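Trainee: Quick one: structure below, then a few questions.
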Amino acid sequence: MIPTDFLFSQQKVTSNLFNIEVQKKANHYKSHTNFFQSALFFIEEEWDSTLVYSAKYINTSVHDTAIQNYAHYFRGYSFKEKRMFDQAEKEFSLISPKFEFSFLVKKRLGVIALEKSEFRKAITYLEPLTKLEEGQYAYINKSSVFQNLGLCYLHIKEFKNAELYLIEYAKLQEKQKDTLKLIDAYGSIANLYYEQYKDDLAIPYFKKAYQLSTNTKNFETKELTSLNMAVVEENRKDFARALKYRKEYEKWKDSLNDQNKIYEVAQIEKEFAVKQKQQEVNLLEAENKAKIQERNSLLYSVITLIILLGVTFYFYKEKIKTNKIVLAQKERLDALNATKDKLFSIVSHDLRSSVNALKTSNSNLLDNLESKNLNALESALQSNSAIVNGAYSLLDNLLHWALLQTKQSYFQIEKVRLFFIVEQVAFNFMPLMKEKGLTFKNSVLKTEKVFADQESLKIILRNLLDNAIKFSKTEDSISIYIESSKLGYCDLIVEDSGLGMSKSKLEELLKDTSELAKKEHEDIIGTGLGLQLCKTYIAKNNGRFSIESTLGKGTKMIVSLPKTIKNG
C-alpha cells in the first residue's frame, strides 16, 4: 500500500477581512468595554484573554444582540484553538442562524468534527459551504472546503463523492497556481484511486505530483513524492526505476535531516554567543555590584535610621489616636448611660403615675357603679381609656426604641401611598379626638407617593399625631397635608392649633442628640422618647425633620421624605 499523508488542511481565512470586520465592530461598540477588549485580544490571537473578557461581556445584565453573536464566536474559536472541542461546539451552537458570518460558524464546526474524526458530521457542516456566494469566499478558503469534503468521503469509503470533491480541489489549485497545494491535491487523488486498486488512474497523478515537486525547494514534499513513486514502481516490478526513486527519497531525507542539523547547529551557535555575551554582562554586573554595595552601605544606614524614626512616630500617633478613641467612647458611653438612667426614671415615673391614676379612677368607678351614676361611670371609663392609651403608647415607643438600640428592627424602603397610611393611623385616634372635641382633616392626595419603610412611617405618624392630640385644647383642630419640595422631597405636615412651644424648647427638640427632652407641661404624660424615635426613623428613611411653632398658637411637625429611591 502506498504511504498516505492525509492533510486535514484547516487553513485560516485567505485574508484578514474578518479581523477587519471585528475591528470595525469593536470601534463602533467601544462603550461596551469587555466586548471591545475581547475583540482586540481575538485579533491578537490571545485566546485566554479573549475568553476572559468575552465571558465578562456575556455575563453582564445588558446585552446588545448586534454583538452577542460575535462574543460567542470569539469564545468558540478560542476554545477550538486551545483544542477544547466540546466547549467550542457549545459556544458555536449559541450563535443565531441569522448571524452575518454563519457560514464561518459552519466551517469551524466542520473543522472540529474532522479533528474528532466525526466525518459524517463534518460533511453536514461543510457541504453547504460549496454553494456560497463568491463574495463570501473572501472570508473562507474555498479549496480547503472541497479538499476536506473529499478526504471525509475517502475515510468513509464513499469514493465517488471523494473523487468529485478532490478533483474540484485540484482544479481550484491549478487556477491559483499554488504548487505545494497542487502537489497535495494530486497526491490525495492518487491515493483515492490507489485505495480502489485503480492503478492506471492513480499513477498519472503520482507522476504529476512528483514532477511538480522537482520545481520546489521543500524537502518534505520531495521526500514524500519520491517515496510514492518508488512504491509505485516496486508494485509494477520495475525495480531499476524503483531503486532510482529510493535513492532520491534517501537523498531528500538526508537533506531534510541535514537541514534540521544545520538549524540545530545554528541554534547551538546562537546559544553559545548569547552565553558569551551573558558572561561579559555578568562580569560587568559583578564590578558594578561591588561599587554599588560600597555606595549603598551608607544609604542603607540612613534609610534604617529614617525607618526607625518613622516607626516610632507612627506608633506615637497611633497611641494618641487610640487614646482619643477610648476617650470618645467613654464620653459616648457616659452619655448613653445618662440617657438610660433618665429614660428609666421618666418611664417609671410616668408608668407609676398612670397606674396610680388608673387605680384611683377604678375606685371611683366602683363607687359610681354602686350608686348607678351613669354619667359619672361614662366619665370614669373615658378617663381610664385615656390613661391606658397613654401607657400603651409609652410602652410601644419603649419597645421600638429598644429594637433600634439592639439593631433588631426590620427595615425595607419601598414606594408607599401616604393617604392610606395617614387614614389607617388616624382611624385609631378618632375616639380620642372625638372625646377631646378636636376636629381632624386628612388633606393628603391619594396619588401622593414616597419611598419609605411602611411600618416605621406608621410609628412616626402615630407619635406625631399623639403629640398633637396631647398638646391640643378642647375644640382645637389637627390637620395632615402635603407640600412639595423643590429638592425631590415631599413634606408631610402634621399641624395643630394647640399649646405650641417656646423658641428655646423648639431648639432643644431639634438638637441632634440622643438625650431625652425635658417636659414643658408637667400635667401632660410623655417622656420625649416618641420624638427621639421619630427623628431616628426619619433619618433611616433618608428623610429630614423640622418643627415650626409659636407658643399659644400651635405647632407644625414637618417630615420630608424622598420621592425617589436613595442609593447607598
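Trainee: Give me the extension gain from GLU118 to HIS28: residue separation times 0.36 nm, minus the current Cα-Cα distance, reported in nm with one decimal. Each step should come with its number before you reach the end.
Mentor: On the way: separation 90, 0.36 × 90 = 32.40 nm, distance 3.87 nm.
Between GLU118 and HIS28, full extension yields an extra 28.5 nm.
Trainee: Distance in nm between label sites at ASN235 and ASP178, each 7 Å beyond Cα in the beta-carbon direction?
Mentor: 2.7
Trainee: When the chain is fully extended, how far beyond the present Cα-Cα distance does LEU510 get from ALA66, taking 0.36 nm per residue of separation? Walk me through the numbers on the way to the answer.
Mentor: Values: separation 444, 0.36 × 444 = 159.84 nm, distance 5.72 nm.
Between LEU510 and ALA66, full extension yields 154.1 nm more.
Trainee: Could you work out how far the C-alpha centroid of region 73-90 sits from that of region 289-308, in angstrom?
Mentor: 55
Trainee: What percentage of the solvent-accessible surface of region 412-562, computed with a 1.4 Å probe over protein heavy atoms, is contributed by carbon and sulfur atoms?
Mentor: Numbers: 3790 of 7470 Å².
Answer for region 412-562 is 51 percent, counting heavy atoms of protein chains only.
Trainee: Starting from the Cα of LYS98, draw a straight line to each of the lysines and keep only those under 25 Å, dropping any in the same chain fewer than 8 residues away.
Mentor: Those lysines meeting the cut-off are LYS12, LYS24, LYS25, LYS30, LYS56, LYS80, LYS90, LYS106, LYS107, LYS121, LYS131, LYS142.
Trainee: Given LYS473/LYS556; LYS160/LYS207; LYS415/LYS511; LYS372/LYS470, which pairs have Cα atoms separated by over 19 Å? Could the numbers behind the result be given before it?
Mentor: On the way: LYS473/LYS556 16 Å; LYS160/LYS207 22 Å; LYS415/LYS511 29 Å; LYS372/LYS470 31 Å.
Long pairs (Cα-Cα over 19 Å): LYS160/LYS207; LYS415/LYS511; LYS372/LYS470.
Trainee: May I pose another question? Determine ³J(HN,Hα), in whole Hz, for all residues of region 450-467 in sequence, where each value follows from phi through the Karplus function 6.51 cos²θ - 1.76 cosθ + 1.60 and θ = phi - 60°; x replaces Gly and Pro.
Mentor: Computed from phi, the couplings for region 450-467 are 9, 9, 6, 7, 4, 5, 5, 5, 4, 4, 4, 4, 4, 5, 5, 5, 4, 5 Hz.
Trainee: Can you work out the accessible area per residue across region 412-562, with the rest of the protein chains kept in place, probe 1.4 Å, in square angstrom?
Mentor: On a per-residue basis, 49 Å².
Trainee: Something else: Using the Cα centre of region 97-137 as the reference point, and only Cβ charges (+1 on K/R, -1 on D/E), how large is the resulting charge dipole? Debye, rounded to the nearest 20. Don't skip to the answer; put the middle values down first.
Mentor: Numbers: 8 positive and 6 negative charges, 41 e Å.
Its charge dipole is roughly 200 debye.
Trainee: Pick out, from PHE101, PHE74, THR124, the residue whose Cα sits farthest towards the positive end of the charge dipole of region 11-140, with +1 on the Cβ of Lys and Arg and -1 on the Cβ of Asp and Glu.
Mentor: Result: THR124.
Trainee: Please list, in order, the residues from region 157-192 whose amide nitrogen is less than 17 Å from a point placed 7 Å along the Cα→Cβ vector of LEU201.
Mentor: Output list for this probe position: 157-171, 185-192.
Trainee: Which percent of the accessible area of region 11-140 is formed by carbon and sulfur heavy atoms (probe 1.4 angstrom)? Provide the component values of the computation, followed by the final result.
Mentor: Details: 3250 of 6630 Å².
Result for region 11-140: 49 percent of the exposed heavy-atom area is carbon or sulfur.
Trainee: Sort out for me the Cα centre separation of region 467-507 from region 191-220, rounded to whole Å.
Mentor: 104
The values are calculated or read from the model by the stated rules, or taken from the named source; none is laboratory data. Just so it is clear, the model here is predicted, and its values are computed rather than measured. With ideal geometry, Cβ positions are generated from the backbone for all residues, glycine too; neighbour counts draw on all protein chains shown. Surface areas here come from the heavy atoms of the whole protein model, side chains and all, with no ligands, DNA or RNA. Shrake-Rupley method; radii C 1.70, N 1.55, O 1.52, S 1.80 Å.
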